1. Any chance you could give the angle, 0 to 90 degrees and rounded to 10, that helix B:140-152 forms with the longest Cα principal axis of chain B?
2. If R₀ is 41 angstrom, what is the calculated FRET efficiency for the pair residue B:175 and residue B:79, using the beta carbon separation as r and rounding to 0.05?
3. Take A:241, A:299, B:49 and order them by how many other Cβ atoms sit within 10 Å, fewest up front.
4. Let me check against my output: what whole-number percent is the relative contact order of segment A:116-184, with C-alpha pairs under 8 Å and at least 6 apart?
5. Can you compute the FRET efficiency between residue A:303 and residue B:122 using 1/(1 + (r/R0)^6), with r the Cβ-Cβ distance and R0 = 45 Å? Round to the nearest 0.05.
6. Return the distance in nm (one decimal) between the two label points of a simple spin-label model at residue A:296 and residue B:301, each offset 7 Å from Cα along Cα→Cβ.
7. Let me have the relative contact order for segment B:166-260, percent, based on Cα pairs under 8 Å that are six or more residues apart.
8. With a 10 Å cut-off between alpha carbons and a GNM built on chain B, which of B:29, B:298, B:335 moves the most?
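Just so you know, all these numbers are worked out from the coordinates, no wet-lab data involved. Quick caveat, the model's predicted, so the values are computed rather than measured. Here Cβ is always computed from backbone atoms with ideal geometry, including for glycine, and neighbour counts include all displayed protein chains.
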């Protein structure tokens, strides 16, 4: 057994991504147990705080996706309880999880991100949806990508090639949250760059290229075995590869992230990588991108997670 | 099987904060657990050598006798030799489909239909043709038309799959006046009837309706279950089939599972022999009636104009039709956020219909939770209506969706989306 003391892998929660989170949590817990770490797998429910209080602080590895897991709320509670945890602090999570805020922050430091607008549904209701949508199409031009401003796993996301598809896409998007991000759609190679920091500063894992079987990296393609082919390293020239890696590390630093993150990008036909979003609790399922990248780098997932726990533990000890 | 967003959302529905009107779990808290424990304990002590041993592929003989007694409550006269015990009636459904269906064969079913049956039919690559219902159940003339239409396409339907009592998901029952007509139509067409009747003894208002099988022993394969009248954890169901079908069922079952679990069979058998099981069914009936009433009252109180639903006289389910333009599947994430869950209507159609409908279960949550769940759902529907109005995004109207829904209670029968019925 390791000397990390009590380790809690936190998974589940009440977000729309609960199922994904449970799978991430199981994968992380299994990987840690395989390298000798004693792990409790717990849900984020009413039993959590009493358990953390009763059994001592320990260290938490959050694998909660979606709201409360990635918006900093749970981490705020962990800090209140004096519990060490892997990953970014609450304030950084709040910005990173909010895609429009994250895009604005990285754009400030010169990272390219597709032009976009983000609006609550009440704006459309109050001003008239048709006119606002016309203005959006007029400014951003088709095709567009619509997704909830907060949330992941492509839930509520749509690619829009025709303006007539927008109303239905907006309704689908608002089913998952109150604010929609409407972004210029960049056609290109979809890639993801995971960043980990096990004590020597943030380092990028190999770039993963995503090729969904049906062309769209939607929920089904993300979590059905065999539905997506990954190419590691991505089949892109060295220039864009280096630029993408640089963007992922800069985004990690600019947003004040810690320990672990994953940046999703698209490389257009000119070889420019565009920042789409960053994840503070990247998916860790059998079909997720970070584990794929770690494996390609020859890293054992359990050892990586254990190293991240040790970094978290050292913060408390320090 | 591909991972779906909808399936994933049900993971949230399992949390206690969510009022789940989605699942169909019987309310087992109504079972006298001490008595069940005694039954199981005695079984091991007194008959463990049999209960823990392999058994007959057809099922334990004494239990098959008792199953015939249970079926007699629905007017069925049968011999234990005609009964095949299965791992829940779901396995019986699987075996019947395996025996009769080759890829591309046609099965006729109600619209909407039990999702577990559609899953089985899909697994055997059957082509399911769904026939409209109204609030009197399957519509005979529509059934006849469907059979003819299949025949005109150069194919022959292999069987009619029907849940005539307290339908899952529609909550309606096939009225007495239509039962003989349905059987006659099937007989004339040479179409076997697969009668799935898990809820038949859970009627709220009257004695059990005689089963279709009680009227036609030659052309009906009857599926029964102890899952709703006792407990689903035992996984004991059965098929009652004509001799030639029964033989094939036994062989197929032996190939699949060797024999149904002896332990479960003998536990159910001992329960039936030593406990007041008919009284227990009355307890269940009263409990579900109270919950049905709570759900219906809450629907009447909270649902926005334009919403309609069925009024079940038994069973577990209410079928709700949303105001025009709404899509139950698209609305589900919003409902999950509001901590209420349901099953979108599309789950009960093989052809993508049912978007305007959803199934509500009242079997598991207590009345106060049912009421709260409906209140939340009404808010979700109202918010979705506002959103659709804002964007002018109206889900397509369904033109031939079968029992898309029924009008609000106590109105004349109507097939939603396809005009008035023939009765």
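1. 80
2. On the way: r = 30 Å, r/R0 = 0.72.
Here the calculated transfer efficiency is 0.90.
3. On the way: A:241 21, A:299 17, B:49 8.
With the fewest neighbours first, A:241, A:299, B:49 line up as B:49, A:299, A:241.
4. Working: 111 pairs, mean separation 29.7, N = 69.
With pairs under 8 Å counted, the relative contact order is 43 percent.
5. Working: r = 43 Å, r/R0 = 0.95.
Efficiency for this residue pair is about 0.55.
6. Modelled inter-label distance: 5.7 nm.
7. Numbers: 89 pairs, mean separation 19.7, N = 95.
21 percent.
8. Judging by the Gaussian network model, the answer is B:29.
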